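Coordinate-derived values only; no laboratory data. What you are looking at is a predicted structure, and each value in this text was computed from that prediction instead of being measured. Every residue, glycine as well, gets a Cβ built from its backbone with ideal geometry; the counts of neighbours run over all protein chains shown.
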Amino acid sequence: MASIVGSKEQDNLLRWDGKKKGYFEIYFLKWNDEQSRTAGWIRYTLTSPLARVGPPRCELWGIFFDVENPEKNFAVKQRYSIDRLSWNRDPFSVRIADAELSTNACHAAIADEDRGHSFEWDLTFDSTTPTYYYFPWQVLYKTAFPKTKVICPHPDARFSGKLVADGREITLHNAPGQQEHAWGAAQHGVRWAWGQCNIFKEDPSAIWEGIDVLLNVGLRLDARFKLFYLKAGERTYRFNALHQWVLNRSRWDLGHWAFEASSRDARLTGEVTSRFDDFVGVTYEEPDGGTLWCNNSKVSSVRLQLSRPDGSPIAELTSNQGCAAEYVDRKIYPQVPIRI
């Protein structure tokens with residue numbers, strides 16, 4: 001008898017039907033290790049382009065960050081034909097060649113001989129926090145809008161195991177991080193800023209995540225949406241109702257992001273800052289043939305202020321170089337070299 005699929009497994013199940021064109025699906029994981037002062041970001045991806053663009057493919061990605069020595073930061077990627085992709089539903093797993101991702105474990109090895117970099121990982125992870133759903137209603141995960149669907153089955157994961165970054169061996173013991181799952185149609189988005197942090201000095205159990213994305217909503221029209229989430233103390237604050245997508249405030253440029261979000265019972269203001277040296281630039285190739293460049297940092301800093309509607313403070317949360325930040329655009333920023 002088949003076992004019952006758990007909720008995190010259900011949220012991670014592969015959505016691709018094995019045939020659909022103009023489609024992408026991404027699993028990404030990130031962690032910060034305070035002991036070694038390093039961080040990592042890995043992806044298991046598939047892209048099924050439009051027929052005119054090219055054949056389907058699957059890829060493994062990895063970025064390594066060194067807080068003290070950012071000159072040692074690097075990125076690697078390995079591409080395979082789609083026949084190297086396989087998956088299970090019960091229990092959930094996705095395999096690309098010899099690499100595998102399951103509900104609570106992942107392993108892979110990438111070697112880029114041309115650039116002289118390599119990244120291997122063999123990790124376990126888990127979280128007790130429920131899945132974070134970006135959208136307020138489950139029906140939005142079944143409709144054509146928004147084109148990109150995102151959920152976070154492990155918003156407050158703890159990673160343990162071993163990794164080897166350019167020959168450097170690092171052992172993780174309950175390093176904080178997360179695991180997300182995204183899928184969608186031919187275009188990811190026009191441009192966006194995204195951030196996440198679960199390493200706060202004042203409250204080690206706090207979790208913040210936010211996105212400011214410009215989307216094409218059809219008929220050559222673009223719309224900008226801002227969604228935020230915060231778990232602090234014993235409460236969870238969601239600033240993702242449909243009207244908040246528009247009313248939340250956000251402004252960003254490379255290396256700096258300021259935002260403000262309000263609900264009936266709380267107001268959140270925040271600022272994310274990043275050193276240019278802490279970014280690693282990578283190239284996203286979309287299913288429709290478009291190109292985006294992601295300026296990726298997993299060692300940025302964030303300051304959050306949570307207050308009641310009358311302005312009285314609830315909490316202030318800060319993280320120094322423990323915050324993830326990505327700025328994705330359709331142009332290359334000269335301050336950040338493109339690594340892959």
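What the table below lists for this structure:
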read-out: Residue check for residue 236: within 19 Å of the chain's Cα centre (by Cα), among the β-branched types (Val, Ile, Thr) and surrounded by fewer than 18 Cβ atoms within 10 Å (Cβ to Cβ); value: no
read-out: Subset of the range 85-116 (residues that are within 27 Å of residue 72 (Cα to Cα), within 20 Å of the chain's Cα centre (by Cα) and among the charged types (D, E, K, R)); value: 100
read-out: Test: residue in the range 59-74 that is surrounded by fewer than 20 Cβ atoms within 10 Å (Cβ to Cβ) and touching a helix residue (DSSP H, G or I) at 6+ places or on another chain (Cβ under 6 Å); value: yes
read-out: Criterion: of a type in the set (Lys, Arg), surrounded by 17 or more Cβ atoms within 10 Å (Cβ to Cβ), within 22 Å of the chain's Cα centre (by Cα) and not in a strand (DSSP E or B) - qualifying residue of 30, 77, 8; value: 8
read-out: Every residue from the range 181-212 that is more than 24 Å from residue 253 (Cα to Cα), not in a loop (DSSP other than H, G, I, E, B) and not hydrophobic (A, V, I, L, M, F, W, C); value: 181, 184
read-out: Candidates 286, 316 - the one that is in contact with a strand residue (DSSP E or B) (Cβ under 6 Å, 6 or more places away or on another chain) and charged (D, E, K, R); value: 316
read-out: The range 212-233, subset surrounded by 18 or more Cβ atoms within 10 Å (Cβ to Cβ) and aliphatic (A, V, I, L, M), residue farthest from residue 131 (Cα to Cα); value: 215
read-out: Residues (of a type in the set (D, E, K, R), over 19 Å from the mean Cα position of the chain (by Cα) and over 23 Å from residue 223 (Cβ atoms)) located in the range 245-274; value: 264, 265, 267
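A quick yes/no check of all residues on (1) touching a helix residue (DSSP H, G or I) at 6+ places or on another chain (Cβ under 9 Å); (2) farther than 27 Å from residue 203 by Cα; (3) β-branched (Val, Ile, Thr):
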| residue | (1), (2), (3) |
| --- | --- |
| 248 | no, no, no |
| 266 | no, no, no |
| 288 | no, yes, no |
| 311 | no, no, no |
| 318 | no, no, yes |
